[in-house]
1. Any residue at all in the range 14-30 that's of a type in the set (A, V, I, L, M), at pLDDT 80 or above and open to solvent by 100 Å² or more (accessible area, probe 1.4 Å)?
2. So for the range 66-73 (the condition being assigned to a helix (DSSP H, G or I), at pLDDT 85 or above and on the phi < 0 side of the Ramachandran plot), does at least one residue qualify?
Amino acid sequence: QDVMDIEAKPKVSRPHWYERHVQPCLAELLGSALFIFVGCLSVVEDSGAAGRLQPALAHGLSLGSAVAVLGDI
């Protein structure tokens, strides 16, 4: 009777070390590289008349496309 009174709790599994440490670091590295690359290219190709608008649009559009593509993950 005592054995049946004990409720069996499911064992909570911890994520693998790769999912906890490596994947967030790789995602941060790729995201930072994307924005640095896009930002540098938008300033290099600056036409002069666009001013601050061209880098702002480049960063905004790259962020928007990244969220649209990877939003489900």
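The values are calculated or read from the model by the stated rules, or taken from the named source; none is laboratory data. Please read these numbers as outputs of a predicted model, since none were measured by experiment. The protein model used for the area step is the full one, side chains on, heavy atoms only, and it has no ligands, DNA or RNA in it. Shrake-Rupley method; radii C 1.70, N 1.55, O 1.52, S 1.80 Å.
1. First, pick out the residues of the range 14-30 that are of a type in the set (A, V, I, L, M): 22, 26-27, 29-30.
The next check asks that each one be at pLDDT 80 or above; those that pass are 22, 26-27, 29-30.
Narrowing the set further to residues that are open to solvent by 100 Å² or more (accessible area, probe 1.4 Å) leaves 29-30.
Checked against the condition, which is being of a type in the set (A, V, I, L, M), at pLDDT 80 or above and open to solvent by 100 Å² or more (accessible area, probe 1.4 Å), the range 14-30 yields at least one hit.
2. Filtering the range 66-73 down to residues assigned to a helix (DSSP H, G or I) leaves 66-70.
Filter once more, keeping what is at pLDDT 85 or above: 68.
Those still in the list that are on the phi < 0 side of the Ramachandran plot too: 68.
There is at least one residue in the range 66-73 that is assigned to a helix (DSSP H, G or I), at pLDDT 85 or above and on the phi < 0 side of the Ramachandran plot.
Conditions tested, residue by residue: (1) at pLDDT 80 or above; (2) farther than 19 Å from Ser65 by Cα; (3) of a type in the set (D, E, K, R).
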residue	(1), (2), (3)
Ala8	no, yes, no
Val12	no, yes, no
Ile36	yes, no, no
Ser47	no, yes, no
Arg52	no, yes, yes
